[in-house]
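The values are calculated or read from the model by the stated rules, or taken from the named source; none is laboratory data. Because the structure is a prediction, the values reported are computed rather than measured. We place every Cβ from the backbone using ideal geometry, glycine too, and count neighbours over all the protein chains shown.
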Amino acid sequence: MTRIVVTGAAGFIGSNIIKGLNARGIDDIIAVDDLTQGDKFRNLAGLQISDYVDADVFYDAFAGGAYGQIEAVFHEGACSDTMEADGKYMMANNYTLSCNLFQACQKRGARLLYASSAATYGGASTFREDPAFELPLNVYGYSKLLFDQRMRRECGMDFQRTKAGKTMQVVGFRYFNVYGPQEQHKGRMASVAFHQFNQFQAEGKVKLFGEYGGYPAGGQMRDFVFIDDVVAVNLWFFDHPAESGIYNLGTGQAQPFNDVAVTVVNTLREQRGESPLSLEQAVAAGLIEYIAFPDALRGKYQSYTQADLTALRSTGCQHVFANVQSGVRSYVQARLAAG
């Protein structure tokens, strides 16, 4: 029987990974989280797990062998608030805890598949898994980068994707802008698609940032990746235990925020029996509105991200990613179905 651990299990990506494992018939899963924010339980309520362990208890107990033989740990638990200024807290949560978990996994013979972040690139214009392009803009991005660097040192994983060899499988996923069901608890850190859905339902319009960083209004571009694709790539590496390394996990195709807004608006219009609109028509009708770029984000904002998938593809992973038009449409339809 395969026993799995998922940290951050009640969170967005963690709960969807459990859903993906359940779809394969895997349910001997230890869910690890901190449910101080109690309503996160909803993300676990429909899933099959064998145990729940509080994050304050789990890590030391796991290091001591309390849970028997664990096949793999999907480590999604972290502080992901890019605006968090408390560096001591961030480094303890995202770096020190992860280092201790890595050591415990090696000792216990468990594979480690963990969440890194595209925030490691920060102000770079090239998004390739190479130290030359790793320029974090905030302490969150730095905390993720430092753990990636530690894994390169510990595992011999250089940026040319040499095999680890020295360790159990270790895979870091540099998530780009992930969106999809079960992110409702994230507040302001939830995806653009989530906030735009809520805005349109409440106000009848979607708000986007105006011109900034040399990009026109709503024209800043991100690599938006649908949660189902994130789960699929995690599970591909779970199926290929010989592959270790640090990999971008995005679509490889940047799209403007305007594309997200138009897809949200048109999917909701479709539900009402209304015809689709172009961007220009939606703006003219007041359904998309541009607001001044906030001062608090100046100098800390990535106006463009696009995952370089060369390293990912070199492993043999040929997963086909959804674009904004199909992924966001599916997400909005799921939100409507959920009520």
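If you take the residues in the stretch 36-78 that are crowded, with 17+ Cβ neighbours inside 10 Å and among the charged types (D, E, K, R), which one is farthest from T7 (Cα to Cα)?
Here the residue is K40.
Have a look at N248, N258, N234 and point out the one that is more than 15 Å from Y175 (Cβ to Cβ), within 24 Å of the chain's Cα centre (by Cα), surrounded by 14 or more Cβ atoms within 10 Å (Cβ to Cβ) and not hydroxyl-bearing (S, T, Y). Can you show your working first?
Values: N248 fails: more than 15 Å from Y175 (Cβ to Cβ); N234 fails: more than 15 Å from Y175 (Cβ to Cβ).
Being more than 15 Å from Y175 (Cβ to Cβ), within 24 Å of the chain's Cα centre (by Cα), surrounded by 14 or more Cβ atoms within 10 Å (Cβ to Cβ) and not hydroxyl-bearing (S, T, Y) holds for just one of N248, N258, N234, which is N258.
For the stretch 212-222, check the following and say yes or no: at least one residue is at pLDDT 95 or above and closer than 26 Å to R313 by Cα.
Yes: one or more hits.
Go through the residues of the stretch 91-106 one by one and say whether even a single one is assigned to a strand (DSSP E or B), buried (at least 22 other Cβ atoms within 10 Å of the Cβ) and of a type outside the set (V, I, T).
So the first thing to find is which residues in the stretch 91-106 are assigned to a strand (DSSP E or B), and the list is none.
Checked against the condition, which is being assigned to a strand (DSSP E or B), buried (at least 22 other Cβ atoms within 10 Å of the Cβ) and of a type outside the set (V, I, T), the stretch 91-106 yields no hits at all.
Any residue that is of a type in the set (G, A, S) and without any contact (Cβ under 8 Å) to a residue 40 or more places away in the chain - is there at least one of those in the stretch 203-218? Show your work before the answer.
Residues of the stretch 203-218 of a type in the set (G, A, S): 204, 210, 213-214, 217-218.
From what's left, without any contact (Cβ under 8 Å) to a residue 40 or more places away in the chain: none.
No, there is no match, as no residue in the stretch 203-218 is of a type in the set (G, A, S) and without any contact (Cβ under 8 Å) to a residue 40 or more places away in the chain.
Between a first residue in the stretch 271-291 that is over 13 Å from A217 (Cβ atoms) and a second residue that is of a type in the set (A, V, I, L, M) and surrounded by 15 or more Cβ atoms within 10 Å (Cβ to Cβ), which pairs have beta carbons less than 6 Å apart while being 6 or more apart in sequence or on different chains?
Matching pairs, first to second residue: L287/V265.
At pLDDT 95 or above and at positive phi: which single residue out of G65, G20, G46 fits that description? Break it down into steps so the answer makes sense when it comes.
Values: G20 fails: at positive phi; G46 fails: at positive phi.
Only one candidate qualifies: G65.
So if I check each of Q306, Q325, Q318, which one is under 29 Å from Q182 (Cβ atoms), modelled with pLDDT of 95 or more, under 18 Å from the mean Cα position of the chain (by Cα) and polar (S, T, N, Q)? Even if it seems obvious, please write down each step before you answer.
Details: Q325 fails: under 18 Å from the mean Cα position of the chain (by Cα); Q318 fails: under 18 Å from the mean Cα position of the chain (by Cα).
After applying the criteria, what remains is Q306.
Using beta carbons and a limit of 6 Å, which pairs, at least six apart or on different chains, have the first residue in the stretch 115-134 and in a helix (DSSP H, G or I) and surrounded by 16 or more Cβ atoms within 10 Å (Cβ to Cβ) and the second one at pLDDT 95 or above and aliphatic (A, V, I, L, M)?
T120/L145
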